[in-house]
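The values are calculated or read from the model by the stated rules, or taken from the named source; none is laboratory data. Since the structure is predicted, the reported quantities are computational estimates derived from the model, not experimental observations. Please note: Cβ atoms are built from the backbone with ideal geometry, for glycine as well, and neighbour counts cover all protein chains shown. These area figures cover heavy atoms from the full protein model, side chains too; ligands, DNA and RNA do not enter into them. Shrake-Rupley method; radii C 1.70, N 1.55, O 1.52, S 1.80 Å.
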Amino acid sequence: MGCFFSKRRKADKESRPENEEERPKQYSWDQREKVDPKDYMFSGLKDETVGRLPGTVAGQQFLIQDCENCNIYIFDHSATITIDDCTNCIIFLGPVKGSVFFRNCRDCKCTLACQQFRVRDCRKLEVFLCCATQPIIESSSNIKFGCFQWYYPELAFQFKDAGLSIFNNTWSNIHDFTPVSGELNWSLLPEEAVVQDYVPIPTTEELKAVRVSTEANRSIVPISRGQRQKSSDESCLVVLFAGDYTIANARKLIDEMVGKGFFLVQTKEVSMKAEDAQRVFQEKAPDFLPLLNKGPVIALEFNGDGAVEGCQLIVNEIFNGTKMFVSESKETASGDVDNFYNFADIQMGI
């Protein structure tokens, strides 16, 4: 049995002039701009200040290796970044969609944001971190962590381009694959640590064009206390439901609460299912179920004596008409757990 299409292709071939060659087929991937890996690499540098401006990396992979006494600034989002065999370097990395992997590095100070953070065979790193998943260290020692603190105008859009939420930051929840009995391979930087003392703003003419601020109240990522010991037995959970001004409202509430002396412990942005709502909101769940279809929620935990009452007053005064959930329970020293910790089991779905 013959095939119509095979006969047509044979007829087309026979009708082509003998001296006319068949043109090669064109595919969409053949038309993509060729990427030179050398354009996305800092290698073998010493005593230099180098960087990439916003828009010059645009989601590509990047490699930093064999650098010594260098100041390195990547003011753009990227796919993954690997840092190998670097010594005494200052490094800033804009949002990374995938992983940041340090290997065989010594005496480096860093500020970075990523989906996954890994350290192997490193010594004495000080890292101001925003990480969507649990940071991991392996065969490393004297690694210190603080909360990401940085601002420049393009940074918020770069977080979106990298698929990262500024509210999903587990910077202090470290997992050590190779713990040593009686020793602690990692610790948290002092709460009063100033990021600019570790990773200063660049001073070269090219990089000064990026309008950087390290002021805490301008940081794109909310500065949280993480796993540090709480100052009070009382905590408060606030959940903001998706809407036109959810992020702005969350930032405003954080500013108001911190301004009144309360502490932001942790934040999370998640898509909730009905069973999640039942577990977190309990008897109030039916009131909030219709709101979950509008998008992910933002959850904030505040700590301090009077946090629940203080938060309810601020919400009633400033956010009247905005749908929020404010917990009425308090965490106590006896072990009662505030509703916020029910969020720990909800997988990020944004």
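Things worth noting here:
- Only one of the numbered conditions (1) part of a loop (DSSP other than H, G, I, E, B); (2) touching a Phe, Trp or Tyr at 6+ places or on another chain (Cβ under 7 Å); (3) surrounded by fewer than 20 Cβ atoms within 10 Å (Cβ to Cβ) is not met by LEU291, and that is (1).
- If you go through the stretch 151-165 and keep only what is part of a loop (DSSP other than H, G, I, E, B) and at negative phi, you end up with TYR152, PRO153, GLU154, ALA162, LEU164, SER165.
- Only helices (runs of 4 or more DSSP H) whose full extent lies in the stretch 166-278 are considered here, and the ones with at least 2 residues that are surrounded by 18 or more Cβ atoms within 10 Å (Cβ to Cβ) are 195-198, 246-259.
- Check on THR246, touching a residue at least 12 places away in the same chain (Cβ under 8 Å) and out of contact with any Gly (no Cβ under 9 Å at 6 or more places or on another chain): no
- If the condition is being within 25 Å of the chain's Cα centre (by Cα) and open to solvent by 20 Å² or more (accessible area, probe 1.4 Å), then the stretch 296-332 contributes PRO296, MET324.
- Assessment of the stretch 72-79 against the conditions (of a type in the set (S, T, N, Q), touching a residue at least 24 places away in the same chain (Cβ under 8 Å) and assigned to a strand (DSSP E or B)) yields at least one matching residue.
- Annotation note: of ALA250, ALA307, ALA209, ALA242, the sole residue that is over 17 Å from ILE318 (Cβ atoms), not assigned by the TED database to the domain that holds TYR73 and not basic (Lys, Arg) is ALA242.
- The single condition among (1) among the hydroxyl-bearing types (Ser, Thr, Tyr); (2) open to solvent by less than 60 Å² (accessible area, probe 1.4 Å); (3) more than 22 Å from CYS147 (Cα to Cα) that THR56 does not satisfy is (2).
- The set of residues in the stretch 216-248 being of a type in the set (S, T, N, Q) and under 20 Å from the mean Cα position of the chain (by Cα) consists of ASN217, SER219, SER224, GLN227, THR246.
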